[in-house]
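See structure below.
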């Protein structure tokens, strides 16, 4: 169905949240009846209750892009647009663009949770060249600068709950740093567009998921 594919390396070189709840309480001693009427209670004050001050909202941390001085910090996770949830030609195109935003985010941060949520385990290339390398590099201290994709969706095809999206992209220059700040290597920007196809399925949770990706070898 597609031209012969080749592997195109997407360049790479859980924390636990514990919530503690503390409750208070005790066992009161039983009170023996005295047979006497209870003493009158004092009349409550008519003064209005003092209002508690409103909690101050924490400011959103400022995103810091990756540079020669260090990795990106506080980088926002791409949010799926509503259009990308549609089971339609337009939805396929919107999702494809969103997926490559997640690719860029994964390369930049080594956080694979967002892209895993929209990628099936059957996508071997996704795991071998994107997700697994990011997981293995997470926490080692290295980082990358550049390597963003400039994507164009060329065609979409909807086939009974599954779909195909053809794309081309250029990739900007990538510089890879070791934890100590030493440059490990550089990958130049692409001179010609990289072409490929996404195979998608529409999940019951009203979102597309990637089941396969092929890169087309223009030279064959």
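Bear in mind these aren't lab numbers, they're just calculated from the coordinates by the rules spelled out. Bear in mind that the values here come from a model prediction, so they are computed numbers and not experimental data. All Cβ positions, glycine included, derive from the backbone under ideal geometry; neighbour counts span all protein chains shown.
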| request: Can you pull the one-decimal nm distance between simple spin-label points at residue 67 and residue 173, each 7 Å off the Cα toward Cβ? | output: 1.7 nm
| What do you get for Rg/Rh of region 75-143 when both radii come from the Cα atoms and Rh is the Kirkwood radius? | 1.01
| Using the alpha carbon gyration tensor of region 82-216, what are the three equivalent-ellipsoid semi-axes (square root of 5 times each eigenvalue), largest first, in whole Å? | 28, 17, 11
| request: Starting from the Cα of residue 183, step 7 Å along the direction of its Cβ; do the same at residue 160; then give the gap between the two resulting points in nm. | output: 5.4 nm
| said: On a full-extension model of 0.36 nm per residue, what is the gain between residue 88 and residue 206, subtracting their alpha-carbon distance, rounded to one decimal in nm? | reply: 41.3 nm
| query | Given the C-alpha centroids of region 64-128 and region 141-195, what is the distance between them in whole angstrom? | reply | 11 Å
